[in-house]
Each structure stands twice: as structure tokens, then as C-alpha cells.
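Below you'll find the structure, written out as C-alpha cells, and then a few comments.
The values are calculated or read from the model by the stated rules, or taken from the named source; none is laboratory data. Since we're looking at a predicted model, the values are computed, not measured. Neighbour counts run over all protein chains shown; Cβ positions are idealised from the backbone, glycine included. Protein only, heavy atoms only, side chains kept; ligands, DNA and RNA dropped before computing areas. Shrake-Rupley method; radii C 1.70, N 1.55, O 1.52, S 1.80 Å.
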Amino acid sequence: MRRVALVSGGSRGIGASCVRVLAESGYSVVFLYHLSDSRAADLARDLTSSGLDVSARKCDVQDPSDVGRVLSELLDTYRHIDVLVNNAGIAWTGLLTDMSVAEWDAVMNTDLRSVFLLSKAVLPGMISRRSGCIINISSMWGQTGASCEVAYSAAKAGVIGFTKALAAEVGPSGIRVNCVAPGVIDTEMNSRLSAEDIRALEDETPLGRVGTPDEIAKTVLFLADPASSFITGQVIGVNGGFVL
Ligand code: NAP
């Protein structure tokens, strides 16, 4: 039986690479997206036409009722989910003193509450089968903290704490929970940065460049694979040496 992977935020960027890399490795992949209807449909169509098993579901991952509805449909269809990749996220850049409560809540709910909601939805099935793994996408800013990204850094640090605590809680049930903390990766999330900002970040990165979405996806694939069967509760930095 094919292993089933669920990827949040799969319509573009790192999530879309995770969808493709997991599908090419033989997983049945379902991905969630929010606003990018046509990009999600194009991605699912492209991969399906190459013979891969990929489907897309529209789901606002910060909304408990949307997550509940979509997950119950998915569990009816697939019966089990072997791998959950909590990837969906948004950033907000600016001074904390300029941030509204609504903007704070949007970052916290998209980047951290979604991790709770989706993990809670898949865990009962994983626990009853004593098998499964959860991979959370944090950020190096969750490890170090970034000026003008206080809410994002707090949410991503929360994802790291969540990963470690849940790994301790569900390890005895045979479930692994790990975290990938990317450095600067070439996606639309960074389109707000000027060429000069990007050059400065490259200069700060020992490998001298930004990363690609595929470099994150391949780490996710490793953490999903039985090859990493004794790894749990870990934060894997994929950042070109930015955080040492
Ligand atoms: P991206 O290109 O901006 O893509 C974000 C993805 O998240 C999209 O698929 C988007 O779906 C989805 N999403 C956003 N809000 C959602 C919601 N409420 N419900 C469902 N899906 C939602 O971002 P990325 O760079 O690939 O980032 C992916 C993850 O890596 C994020 O958690 C990010 O924080 C983390 N990360 C990125 C970097 C980087 O440098 N790029 C570095 C460290 C960590 P729609 O398009 O359909 O709205």
C-alpha cells in the first residue's frame, strides 16, 4: 500500500517542492492551499499527468472548522495519513510597535495554531496504528530571532517547542516528530526583500548563496523515510551555515 503524505501550503514555494519530491518517491500526496486556486490545480494536474498520485484541497489551515471538515473528508478517502508536513506559513515584516493585534493573530494562527490543528487531526490514526511521522517547517529565525520579524520569530520558536514536546509525548506510540529550520530560501515569501537585502543575506551565509525549495524538500523526504527511524524531536537547520 502506498504511504500517504499530507502537506500544508503545497501550492507554491517549499510546499510545492515537498509535494513533488514526496510524490516522485512513491507517496500518495494530498496538499492543502488557501488562495492560489489556479496554481494548486496546475501543480496537481502537472504531477498527475506524469503518473504521480497528487491531489489538492482548499483549506484555511488557521480555521479549526475548515481543518476539521477537510481532514474528515481526507480520512474517509485515504483511511490513514503516514506523514504530515506542516509547511503553510506567512511572514510579517515591520516594527513590533507598528503591528496590529489582527496582524499578530494572523501570523500566530497561520504559523503555529495550524501546526496544532493538523497534528491533532492526524494523531489519533497514527497512534492507533503505532506509526507515522510529523515534520514541521520552522525557520532559522525561530532559533535566533530576527529584528522586524518578532511575531514570525515567536511563532517559529513555538513550532520548535511544539516539535520537541510532541516528540516526547508520542514517541512511546511509535510516532516521530521533527522540525526543519530553513535559512533564506528562494521563494515568493522573500519577494519583499530588495536585491541588496538578498546580497547582504548571502554574504552572511557561509555557503554564499540562498537555498532552493528542493533543498528543504529533500530534507523533509529524509525525515519522512524509515532511513531516519531513530531521529525524533530534532531541529535540522538547512541554512548554508547561517546558524552554527
Ligand atoms: P510561500 O512561497 O509564501 O508559500 C506559502 C504557502 O503557504 C502557500 O502555499 C500558501 O497557500 C500557504 N498558506 C499560507 N497561508 C495559508 C492558510 N491560511 N491556509 C493554507 N495555506 C496557507 O512560502 P515559502 O517560502 O514556501 O514558505 C513555506 C514555509 O517555510 C513557511 O512556513 C515559511 O515560514 C517557512 N520558511 C521559509 C523560508 C524562506 O526563506 N522562504 C525560510 C524559513 C522558513 P496559498 O498560496 O494558496 O495562499
Within region 118-166, residues hydrophobic (A, V, I, L, M, F, W, C), open to solvent by less than 10 Å² (accessible area, probe 1.4 Å) and in a helix (DSSP H, G or I) come out as 118, 122, 126, 140, 151, 155, 159
Which condition breaks for residue 32 when tested against (1) in contact (Cβ under 8 Å) with a residue 40 or more places away in the chain; (2) more than 9 Å from the ligand (Cβ to nearest atom)?
(2)
What are the residues in region 149-182 that are out of contact with any helix residue (DSSP H, G or I) (no Cβ under 8 Å at 6 or more places or on another chain) and either of a type in the set (A, V, I, L, M, F, W, C) or within 15 Å of the ligand (Cβ to nearest atom) (or both), if any?
163, 165, 167, 168
Can you confirm whether residue 187 is more than 11 Å from the ligand (Cβ to nearest atom), touching a helix residue (DSSP H, G or I) at 6+ places or on another chain (Cβ under 9 Å) and touching a residue at least 60 places away in the same chain (Cβ under 8 Å)?
no
Scanning region 173-194 residue by residue, those part of a strand (DSSP E or B), farther than 13 Å from residue 140 by Cβ and either more than 13 Å from the chain's Cα centre (by Cα) or of a type in the set (A, V, I, L, M) (or both) turn out to be 175, 176, 177
Please count how many residues of region 207-232 are open to solvent by 90 Å² or more (accessible area, probe 1.4 Å), away from the ligand (no atom under 14 Å from the Cβ) and not in a helix (DSSP H, G or I).
2
State all residues of region 46-71 that are in contact with a strand residue (DSSP E or B) (Cβ under 6 Å, 6 or more places away or on another chain) and part of a helix (DSSP H, G or I); if no residue qualifies, say none.
47, 48, 70
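Let's see how each residue does on (1) within 10 Å of the ligand (Cβ to nearest atom); (2) modelled with pLDDT under 95; (3) outside any loop (DSSP other than H, G, I, E, B):
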| residue | (1), (2), (3) |
| --- | --- |
| 2 | no, yes, no |
| 5 | no, no, yes |
| 11 | yes, no, no |
| 18 | yes, no, yes |
| 23 | no, no, yes |
| 39 | yes, no, yes |
| 44 | no, no, yes |
| 73 | no, no, yes |
Residues to consider are 48, 77, 97; find the one that is more than 10 Å from the ligand (Cβ to nearest atom) and under 21 Å from residue 125 (Cβ atoms).
77
By residue number, the members of region 74-88 that are open to solvent by 30 Å² or more (accessible area, probe 1.4 Å) and closer than 26 Å to residue 232 by Cα are 75, 78, 79
Just one listed residue, out of 235, 180, is crowded, with 22+ Cβ neighbours inside 10 Å, of a type outside the set (Gly, Ala, Ser) and out of contact with any Asp or Glu (no Cβ under 7 Å at 6 or more places or on another chain), and it is 180
